[in-house]
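Colleague: Below you'll find the structure I mean.
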Amino acid sequence: MDVKSVGVIGAGQMGNGIAHVMALAEYDVLLNDISQDALDDAITTIETNLVRQASRGKITDDAVKAALGRITTTMNLPDLGQTDLVIEAATERETVKQAIFEDLLPHLQPHTILTSNTSSISITRLASRTDRPERFMGFHFMNPVPIMQLVELIRGIATDEPTFNACKAVVDRLGKTSASAEDFPAFIVNRILMPMINEAVYTLYEGVGNVQSIDQSMKLGANHPMGPLELADFIGLDTCLAIMNVLHDGLADTKYRPCPLLTKYVEAGWLGRKTERGFYDYRGEVPVPTR
């Protein structure tokens, strides 16, 4: 099918990034959130990021205006039922995602494709709670969406080929690259990335190195652009913990046991950049290691 309109559920960091790239690729975008403030903030962020792209010569000023003109916001979830493709980018909690799909289902067009931007939750399980498991799949963008080139496309056990092809065509139109992943816990990127971050936290927990030495070692010794603890702060320590729990529960292997120190930071509300404290303290002019 030819996707012309896209509904995005959730106006946070991932949702506004998805709306940004979709509008830039000339899709009509309907952005939904339960908070008008979140929607207003999202439009401000999208405009700021588009203007920054224009200032660097990556897009034209006309493209900025056109993209902003293609984005409409709504607090009314049923409005998204008229779009061709829905991308759910709400918080990474399965009960929340299931409730959203349940509320949306009665308002969908027969051909509408449902997708989730989940980074780890079973696509097959989410799809089974809908009326269209064959037209349901994972559509996992990387953060920050306007910059990162990869999109994981995850088939559930019932996902049909036309649905996969339609979603792949969208990724191609965005100018991004799709990676096809099977529906196992955390898919490809986070299946590899999160245990590395978790192991870095264990290295800190066991006193093998401090925050600075661990990040410096991986940047200079393994040529990583960002150290694992710095990256964890960027992603959000609550998100890292949630994905490790999905891996641990879903694969029943002790190698995926979340580090107790990661749990402790999350319990403290030190979630990284978004709360200004994580493995680094971001409240001053320069980030300072907290351990």
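Colleague: Compute the long axis of helix 36-55 from its Cα atoms, compare it with the longest principal axis of the Cα atoms of the chain, and write down the angle in degrees, 0 to 90, nearest 10.
Modeller: Rounded to the nearest ten degrees, it is 80.
Colleague: May I ask you to work out the translational diffusion coefficient for region 5-181 at 37 °C, viscosity 0.692 mPa s, via Stokes-Einstein with Rh from the Kirkwood sum over Cα pairs, reported in whole µm²/s?
Modeller: 205
Colleague: At what distance in nm do the modelled label points of Ser128 and Arg257 sit from each other, each positioned 7 Å from its Cα along Cα→Cβ?
Modeller: Label-label distance for Ser128 and Arg257, simple model: 2.9 nm.
Colleague: Given the Cα-Cα distance of Asn165 and Thr275 and 0.36 nm per residue of separation, how much length would full extension add, in nm? Walk me through the intermediate numbers first.
Modeller: Numbers: separation 110, 0.36 × 110 = 39.60 nm, distance 3.89 nm.
Going from the current span to full extension adds 35.7 nm.
Colleague: Also, I was wondering about something else. Would you calculate the separation in nanometres between label points at Ile188 and Asn210, each defined as 7 Å from the Cα along the Cα-to-beta-carbon direction?
Modeller: 3.9
Colleague: Where both residues lie in region 137-205, what percent of DSSP beta bridges are antiparallel, nearest 5? Write down the numbers at each step before the final one.
Modeller: On the way: 5 of 10 bridges.
So the antiparallel bridges in region 137-205 amount to around 50 percent.
Colleague: While we're looking at this one, here's another question. Peptides 92-104, 247-259: what's the order by average Cβ count within 10 Å, highest mean first?
Modeller: 92-104, 247-259
Colleague: Using 31 Å as the Cα-Cα cut-off, could you pick out the over-long pairs in Lys176/Lys255; Lys97/Lys168; Lys65/Lys274; Lys168/Lys264; Lys219/Lys255; Lys58/Lys255?
Modeller: Working: Lys176/Lys255 33 Å; Lys97/Lys168 23 Å; Lys65/Lys274 29 Å; Lys168/Lys264 40 Å; Lys219/Lys255 24 Å; Lys58/Lys255 43 Å.
Exceeds cut-off: Lys176/Lys255; Lys168/Lys264; Lys58/Lys255.
Colleague: Follow-up. Can you tell me the orientation of helix 211-221 relative to the chain, as the angle in degrees between its alpha-carbon axis and the longest Cα principal axis, to the nearest 10?
Modeller: Compared with the principal axis, the helix lies near 70 degrees.
Colleague: Among the DSSP beta bridges whose two residues both lie in the chain, what percent are antiparallel, rounded to the nearest 5? List each step's numbers first, then the result.
Modeller: Values: 9 of 34 bridges.
In the chain, approximately 25 percent of DSSP beta bridges are antiparallel ones.
Colleague: Would you work out the charge dipole size for the chain about its Cα centre, treating the Cβ of every Lys and Arg as +1 and the Cβ of every Asp and Glu as -1, and quote it to the nearest 20 debye?
Modeller: Rounded to the nearest 20 debye, it is 560 debye.
Colleague: Starting from 0.36 nm per residue, how many nanometres of slack lie between Phe234 and Glu267 once their C-alpha separation is accounted for?
Modeller: Values: separation 33, 0.36 × 33 = 11.88 nm, distance 1.75 nm.
Contour length minus Cα-Cα distance gives 10.1 nm.
Colleague: If you don't mind, there's one more thing I want to ask. Report the far tail of the P(r) of region 1-62, meaning the percent of Cα-Cα pairs longer than 18 Å.
Modeller: On the way: 680 of 1891 pairs.
Across region 1-62, Cα pairs with separations above 18 Å total 36 percent.
Colleague: Let me ask you something else. Pick from His107, His20, His224: which residue has the top mean-square fluctuation in a GNM of the chain where Cα pairs under 10 Å get a spring?
Modeller: Comparing His107, His20, His224 in the GNM, the peak value goes to His224.
Colleague: If each DSSP helix of 4+ residues adds -39,500 (n - 2.57) and the sum is divided by the residues in the chain, what number results at 222 nm, nearest 500 deg cm²/dmol?
Modeller: Working: 11 runs with 132 residues, N = 291.
Using -39500 (n - 2.57) per qualifying helix, the result is -14000 deg cm²/dmol.
Colleague: Testing the spin-label approximation: label points 7 Å from Cα along Cα→Cβ at Asn143 and Ala158. State their distance in nm.
Modeller: With each label point 7 Å from Cα toward Cβ, the separation is 3.0 nm.
Colleague: Calculate how steeply helix 189-205 sits against the longest principal axis of the alpha-carbon atoms of the chain, using the helix alpha-carbon long axis, and give the answer as 0 to 90 degrees to the nearest 10.
Modeller: Rounded to the nearest ten degrees, it is 20.
Bear in mind these aren't lab numbers, they're just calculated from the coordinates by the rules spelled out. Since the model is a prediction, treat every value here as computed from it, not as a measurement. Every residue, glycine among them, receives a Cβ derived from its backbone with ideal geometry; neighbour counts consider all protein chains shown.
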